[in-house]
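FYI, it's all coordinate maths here, none of it is from the lab. Bear in mind the structure is a predicted one, so any value in this text is a computation, not a measurement. Note that we place each Cβ from the backbone using ideal geometry, even for glycine, and neighbour counts take in every protein chain shown.
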Amino acid sequence: MMFFGRSWIEFEELEERGRCGRIRMKQGELRRALLLITLLCAFLFFYLYWQQSNKYIPAAIYRFSHITTNYKYNNHPHISQSATPPPSRYLEYHLIEASPKQSQISVRCRKPIQPQWTWDCVNKRCERRYADDPLKATSLATCGMLCGSTQLWPQPTGPVTMASKALRFHHRQLAFESASLGASRSLIDEAFAVFNSNVIGLTEAPDYPIEGSDVSEFTVNIAVSNADVVKLKLKTDESYSLVLKASGKDGLRADITAKTFFGARGALETLSQLIWWDPYDRTLKVIKAATVRDKPAFPYRGLMVDTSRNFMSIDSLKRMLVGMAANKLNAFHWHISDSQSFPLIVPSLPLLAKTGSYAPDMTYSPDEVRDLVHFARVRGVRVILEVDTPAHVGNGWSWGPTEGLGELAVCVNERPWSLYCGEPPCGQLNPDNPHVYDVLQKLYGDLIELSGETELFHMGGDEVNLECWSQHLQRTSAAYNYTDLHELWGEFTVKALQRLTAANGGKRFPHVILWSSKLTKRPYVNKYLDKTRVVVQNWGGSQWTDTPELLSDGYKVIISHVDAWYLDCGFGRWRETGEAACDPYRPWQTAYQHRPWQLQRLDKRLILGGEACLWSEQFDEGSLDARLWPRAAAFAERVWSDPRLDAAAYGIQEDVYTRLNTQRNRLVKRGLSAEALWPEWCSQNPGMCL
Amino acid sequence: MNFVAALSWFWFMGFYLVQGTNWLWQCEDGYCKRDNSETEREGYSSLKICQLMCSNYLNIWPLPTGIIRSSKELININTRNSIFFYYNAPTETLHFLKEISKYFENQLKNKEPYSCDENLYTLKIFLSTDSAQITSNLRTNESYTLKLNSSGNEANVHIKAPTVFGVRHSLETLSQILVSHVEDGSKCLSTLSSIRIADEPKYPHRGLLIDTARNYLSIGVIKRQIDGMAASKLNVLHWHLTDSQSFPFVSTRLPNMTRYGAYSPTKVYTPEDVRKLIEYAEYRGVRVLVEIDGPSHAGMGWQWGPGAGLGNLAVCVNRQPWRSYCVQPPCGQFNPINENLYRALGDLYSDIRDATNDWRMFHLGGDEVSISCWNSTPEILEYLKGQPLTEKTYLDLWGRFQRKNLQAYDTAVGHKSSMVVVWTSHLTQPEVIQEYLPNDRYVIQSWEPESENELLTNLLKLGYKLIVSTKDRWYLDHGFWGTTKYYKWKTVYENPIYTPYTSAILGGEVCMWGELVDDSNIDGRVWPRAAAAAERMWSNPATSAEYAQTRFFAHRERLVERGIKAEGVIPRWCAENEGECQTYM
């Protein structure tokens, strides 16, 4: 490692000399010297290239071997020997991220970086100036971290103190220790590994020199008092305290104290935000001392992504989870199927995906889902699988007759679609067919097993089209006696809930989430839905009466108001008729400023939290990152920190722009194609674009 | 352990693949319908093949404007070293032709190798052109004819075009009708046994504007935009190179420009970068139209005048509150009364001349000049002393700037025959334009909304040539800021490029202003919507977007296959079940 560090510098110097040489050449003669220097350059380039390519894979392993060998377990040092490295998929993921850096190296060979701008902190703002003396220049990253803003996102809810000085350190000086031995031990190990690679990801290239570091060692310690908690629940304590300070001779120590792993993981995330790469000094830096106490405003901070209208690969979903972790969002609501396609391979019902997926490579295998659930858990995120019923089914549900189960779904692909559903293709489960409930029970069993979720279950339940049922039932149903088909819908839901209990080994699921609909309105809601159990996800407009009515009736809610937190809106109507043309686009400011509990004076106690939704009619995985970020980050601060809206000014504070921009750049560093907030000039000139 | 797990995984997936979803498509009334029935399914095993057989237009995008005829018999092409090119063309063009042939071949090679081995036809492509021209301009003839005949084991493609640019477009067309697909487990490249196509564009200027000043775009990303343009037969990359936010072009004569104007030393374009990019674009049928915006939209990069003893080259730079002096921060406008400015501009133009080889067309910007900037600048007020401070005075000042700017430019290139483009502005109002901008030199790029067609009529009457960038249809940045609306692809497609068809309308441009896009998200904003505009400019069809829909979805897939992160505009189900997502009521 050291060796490469040195050769890197030598190379740069030589390259610089080579450039000077070339300039002289232009003015005069000495073609031979040019050739010599070019050859030397080429030789060095190949030498370096060879070293790089040879080294890269070991470097990745090195990171991890480094983590494991440097672990100090205060009570049981022997455990360090057997600490399991993260699963191999995870390794691959970061290797892919690391590879572009190789190409950056060749760019840098061409243009050694000379500081061009310098930033001075003036009245809590970094002011850009031309760097007359490059050696004395301060980078924007360093100035920004030490100039009045915490640069944390989401902003902690407890007290924060931060020193105004930075220390230089090298990621190889990081050491991790934890006294926790409970069931969350391996999660802590993996979270350390994620943290470590996030820190390495900040560097331009991981082989910068260690000389010049201000510290001898940078120890991160985690103490978790309830180490048995490995599953995130609504009641899980996600609070943490983080103390970063000098320790011993030249040592630096971050002490993280939390009730649970999930709090501790959030603390690691906060700590990673106190660390940055200084491109001028070419070193990592960290705030010299800091204390943070923090806990979320809401226990449920969700993000919904739809993988049915258009398929999203597992890799793209992992990128989303990386982004969620960075913003302390904690629930991935996976709207996995819809009437368009059924990409999930359900072990007990393989025909769903076989007849419902777009293509064999556009499916999620059980192992992929389990792996994703684990990937999420390490990042403090629970996964809630939603197979929407009784509406929003269709493709994938037509095999009933050939399997001797009769029509499981009706109106499938029926035309004209505008009569039977909100968007093509149509389809709804057949409430008359008793086999439907058997199938649901199998399905629910597998969903519970795949997600490992034992507290929250999402049953869908939105946009049932009674016309579809009424047409169908006229033809076949013995039960065609309903004067009000909402009752049929209510009874379907009750039966489905019973099957959910049966699928859960006879145990009632603590909370079942349903989308808001006619059924979740009075009078049906009180008739069919048990308020101790059902949680309603409110997707209506924020001015609708749904939310206040449900709250006054004692139902728990999750808020997903379409006019603030529907991230898919704003791209025009993709079909000529039908609702859900939810223009305009919700800019991040809208997502951030949405605080219905303040504006409508709602009772916060029954609000579990919020969820931003991303339906996928008008994009696929190529645009997933850009649709989500940084808007979902703005939403995340709303549900984690929940800052009060300033009714008088009603504007967004400059500090929010500054911090969100910093956070956006962090996301890009972690490999997410987040949208640009503004012209880069505005980043380089804080406060000047408002 | 892992090994066993992997083995069972493969076993499982293998099992699933064999058993897997295997849709079939049938051609009904010009639509490919996925057969969703459970039993006795029949049809084509791939949507693309069905479309080739079913679409009247062979799924070509943009729509050819001449004849399209074809047989309905599929043939499989032998891809193992068996595509042969024959050139019948002037020697000067041979290198160009080889480059475009190579590009064509690369389009055919995607991830997995072909494995088809039944009834293979050898593909022979005969390219012929008479002209030795290898750089394009507004008068370049881009038409072509393509004939494919097959007999024995040979498929012969005869391509004739007046210029290599027509040849390039024809290869693009050919790559769209050579369809790769999987049938019975083997991957084949197929086409129809006999095809005739004649094609030429309706407009000679078919552009995409990118903005590298608000946010820097890396070379690779710009190249990707050019690839998308090539696939859609767009032919002008309008490079809004500089603005008041940054100046990323490295000027050899004026190194201070990037020193004071770039975001960082790595976020620049060297003359070498520009040269290579222009070459890259040429082989894709795209010419690069460079814009140095002035007198407004100039700030960063121009601050070094006083330090060099040249006085203020730009004024109002970074002045706050910005809302009083410009439309967006940071403010900045040229100082039109400083003679050193024109020398500096001349140097800059010389550098750009060195970096570009085609110098027939250049963009001088000229939009959104703020009078409140100039009339709050003491040295300009001093200069204007004695004159009434009316709008006319400022227009005169601005007009004088345009004259001297053009002079500086003409001096740099050594002749006065190039055309320069400016945006519509106060200066291009029909009442005043003739006084300031002679119509034999200036082309006007209109960014007026659709409602301003009368203005265009008046400009046409005055003898100006126009490029149309209807801002309420073709501004791709809209919909994400202020009260602007997003224009979905159908809106973009249905832009009725101004009505009385005259050759004075050179064409149009879709504009991707860069405030809210950078490397991360530009692809999705530009594509596939720029392709919708491309068909408008190439074919200008009388039919609606609805009619083009299935071809458009197929073209979007094509863009994705070429590595462009084009946005999905509809649920995949709708693309796979053509005609099912239309309105039925």
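Taking a ≥ b ≥ c as the square roots of the eigenvalues of the Cα gyration tensor, an a/c ratio of 1.5 or more together with a/b larger than b/c marks chain B as prolate.
A simple count of charges around A:M688, restricted to other residues whose Cβ falls under 13 Å of its Cβ and scoring Lys, Arg +1 and Asp, Glu -1, yields +1.
The alpha carbon centroids of region B:184-198 and region A:351-367 are separated by 29 Å.
Its convex hull of Cα atoms gives region B:56-199 a direction-averaged projected area, equal to a quarter of the hull surface, of 8.7 nm². Projecting the Cα atoms of A:V494, A:N221, B:N439 onto the dipole axis of the protein assembly as shown, where Lys and Arg carry +1 and Asp and Glu carry -1 at the beta carbon, places A:N221 farthest toward the positive end. Rounded, prolate or oblate: which fits region A:545-660 when a ≥ b ≥ c are the square roots of the eigenvalues of the alpha-carbon gyration tensor, with rounded for a/c under 1.5 and prolate only if a/b beats b/c? Note, shape of region A:545-660 comes out oblate. Projecting label points 7 angstrom from Cα along Cα→Cβ for B:E435 and A:D371 puts them 7.2 nm apart. For region B:205-541, a crude dipole built from +1 on the beta carbon of Lys and Arg and -1 on the beta carbon of Asp and Glu, taken about the Cα centre, is about 340 debye to the nearest 20.
Taking 4.7 Å between C-beta atoms as the pairing limit, chain B has these partnerless cysteines: B:C511. Measuring between their Cα centroids, region B:511-585 and region B:428-460 lie 31 Å from each other.
So what is the diffusion coefficient of region B:205-541 in µm² per second by Stokes-Einstein at 37 °C and 0.692 mPa s, using a Kirkwood Rh over Cα pairs?
163 µm²/s
Could you tell me whether region B:459-585 comes out rounded, prolate or oblate from its Cα gyration tensor? Rule is a ≥ b ≥ c as square roots of the eigenvalues, rounded for a/c under 1.5, then prolate if a/b exceeds b/c, otherwise oblate. Because a/c hits 1.5 or more and a/b fails to exceed b/c, region B:459-585 counts as oblate. Output the relative contact order of region B:56-199, whole-number percent, from Cα pairs under 8 angstrom with separation of 6+ residues. In percent, rounded to a whole number, it is 36.
Assuming charge only on the beta carbon of Lys and Arg (+1) and of Asp and Glu (-1), the dipole of region B:56-199 about its Cα centre is about 240 debye to the nearest 20.
Based on Cα atoms of region B:355-482, Rg over Rh with Rh as the Kirkwood radius reads 1.00. Take the residue pairs A:K318/B:K109; A:K288/A:K328; A:K165/B:K565; B:K276/B:K565; B:K223/B:K488; B:K404/B:K471 and return only those whose Cα atoms are more than 32 Å apart. Table pairs above 32 Å Cα-Cα are A:K165/B:K565.
For region B:205-541, what's the relative contact order in percent, using C-alpha pairs closer than 8 Å and at least 6 residues apart?
Relative contact order of region B:205-541: 18 percent.
Charged side chains reduced to their Cβ positions (Lys and Arg at +1, Asp and Glu at -1) give chain B a dipole of some 740 debye around its Cα centre.
The distance linking region A:523-539 with region B:338-356 is 71 Å (Cα centroid to Cα centroid, whole angstrom). The angle between the Cα long axis of helix B:271-282 and the longest principal axis of the Cα atoms of chain B comes to about 40 degrees, rounded to the nearest 10.
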